[in-house]
Amino acid sequence: MIAFKYTKTDGAEYISHLDLLRHIDRTLRRAKIEVKYSQGFHKHPRIFMGNPLALGVRSVSEYCTVDTDFCGDFLPLFNEHSPGGIKCLAAKVTQTNPNFAESIKACRYEAEGIAPFDVHEIQSCASIVITDLRGRTVDIRPRICSVEWQGEKLLFTLYCGEKNLRPDLFCSYLSQKYGGEAAYILKTESFGTMF
């Protein structure tokens with residue numbers, strides 16, 4: 001198996017999670033990296049991706065595992081055949097699937113364009129109730145790890161998995177409360193069991 005870290009930028013942030021899986025599969029086929037298939041009637045390539053990223057959010061910290069016996073230099077071969085915006089940053093051979101969808105517990109993001117506010121106001125709130133995309137009321141405060149300013153950029157860390165909070169929803173909440181609008185959102189780091 002090969003676990004690798006990759007980017008989703010330069011227009012690739014508008015590719016849905018399922019289409020991204022297809023792009024990675026096609027990239028591996030173009031690169032002549034043979035991927036193992038599942039057993040059963042409907043076989044599919046054994047490509048294991050991390051949690052889906054919200055459409056329009058750029059990232060330099062996405063993770064994927066491919067079940068393959070390939071033993072060549074994966075990184076340059078993948079990048080030579082991948083579409084723009086999807087580039088491998090690091091790769092490692094692993095004996096087991098790290099299951100990035102489970103092992104990544106939190107992600108760090110940055111955004112610009114939101115009006116300045118006191119981050120202690122957010123951190124001192126006991127609860128922050130919003131309406132999610134499905135129309136449900138949700139307390140997002142337990143899903144926020146940290147919020148800080150670095151010059152004009154807002155840096156924030158949100159939980160993943162069961163406590164997942166979409167960064168675009170968080171930025172929408174901040175824009176409604178304090179003004180401005182997130183010009184872009186970039187995922188910069190993932191925290192948990194990496195390679």
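Readers should treat all values here as calculations from the given coordinates under stated rules, not as data from a laboratory. Just so you know, these numbers come straight off a predicted model, no measurement behind them. Ideal geometry is used to build each Cβ from the backbone, glycine not excepted, and the neighbour counts take in all protein chains shown.
Cut-off 10 angstrom, C-alpha nodes, Gaussian network model of the chain. Which of Gly113, Gly161, Gly40 fluctuates the most?
Per the Cα network of the chain with a 10 Å cutoff, Gly40 tops the list.
Report relative contact order for segment 104-195 in percent, whole number only (criteria: Cα-Cα under 8 Å, sequence separation at least 6).
Numbers: 162 pairs, mean separation 43.4, N = 92.
Worked out over segment 104-195, it gives 47 percent.
So what's the angle, to the nearest 10 degrees on a 0 to 90 scale, between helix 17-30 and the longest Cα principal axis of the chain?
Between the helix axis and the principal axis of the chain, the angle is about 30 degrees.
Which one of Glu102, Glu162, Glu181 has the biggest mean-square fluctuation once the chain is modelled by GNM with Cα springs under 10 Å?
In the Gaussian network model the winner is Glu162.
Can you give the calculated 222 nm mean residue ellipticity of the chain, where each DSSP H run of n ≥ 4 adds -39,500 (n - 2.57) and the sum is split over every residue, rounded to the nearest 500 deg cm²/dmol?
Values: 5 runs with 44 residues, N = 195.
After summing the helix terms and dividing by residue count, I get -6500 deg cm²/dmol.
Checking the a/c ratio against 1.5 first, then a/b against b/c, what shape does the Cα gyration tensor give for segment 68-146? Each step should come with its number before you reach the end.
Details: a/c = 2.86, a/b = 2.20, b/c = 1.30.
Verdict is prolate for segment 68-146.
Modelling each spin label as a point 7 Å along the Cα-to-Cβ direction, I'd like the Thr137/Asn97 distance in nm, to one decimal.
3.9
In terms of the Cα gyration tensor, with a ≥ b ≥ c the square roots of its eigenvalues, is the chain rounded because a/c is under 1.5, prolate because a/b exceeds b/c, or oblate? Before the final figure, lay out the partial values.
On the way: a/c = 2.32, a/b = 2.00, b/c = 1.16.
Note, shape of the chain comes out prolate.
Give a quick list of chymotrypsin sites (Phe, Trp or Tyr not before Pro) in segment 1-86 that DSSP marks as loop, anything other than H, G, I, E or B, with at most 10 other Cβ atoms within 10 Å. Working shown, then result.
Working: sites: Phe4, Tyr6, Tyr14, Tyr37, Phe41, Phe48, Tyr63, Phe70, Phe74, Phe78; in loops: Phe41, Phe70.
Passing both the DSSP loop test and the Cβ count: Phe41.
Mind checking which aspartates and glutamates have their Cα closer than 14 Å to the Cα of Lys8? Skip sequence neighbours fewer than 8 apart in that chain.
Those aspartates and glutamates meeting the cut-off are Asp19, Glu62, Glu189.
May I ask for the Rg/Rh ratio of segment 104-192, computed from Cα atoms with Rh as the Kirkwood radius, given to two decimals?
Values: Rg = 12.2 Å, Rh = 13.2 Å.
So for segment 104-192, dividing Rg by the Kirkwood Rh gives 0.93.
Report the FRET efficiency, 1/(1 + (r/R0)^6), for Leu89 and Ala126, where r is their Cβ-Cβ distance and R0 is 30 Å, rounded to 0.05.
Details: r = 39 Å, r/R0 = 1.29.
Between Leu89 and Ala126 the formula returns 0.20.
Could you tell me how many degrees, from 0 to 90 and to the nearest 10, lie between the Cα long axis of helix 167-178 and the main elongation axis, the longest principal axis, of the Cα atoms of the chain?
10
Mind putting a number on the dipole of segment 25-141 about its Cα centre? Charges go on the C-beta only, +1 for Lys and Arg and -1 for Asp and Glu, and I need it in Debye to the nearest 20.
Details: 15 positive and 14 negative charges, 102 e Å.
Rounded to the nearest 20 debye, it is 500 debye.
Given the pairs Lys163/Lys187; Lys32/Lys87; Lys5/Lys163, which span a C-alpha to C-alpha distance of over 19 angstrom in this model?
Details: Lys163/Lys187 17 Å; Lys32/Lys87 17 Å; Lys5/Lys163 23 Å.
Correct reply: Lys5/Lys163.
Among Ala12, Ser172, Phe41, which residue has its Cα furthest toward the positive end of the charge dipole of the chain, with +1 on Lys/Arg Cβ and -1 on Asp/Glu Cβ?
Value computed over the given set: Phe41.
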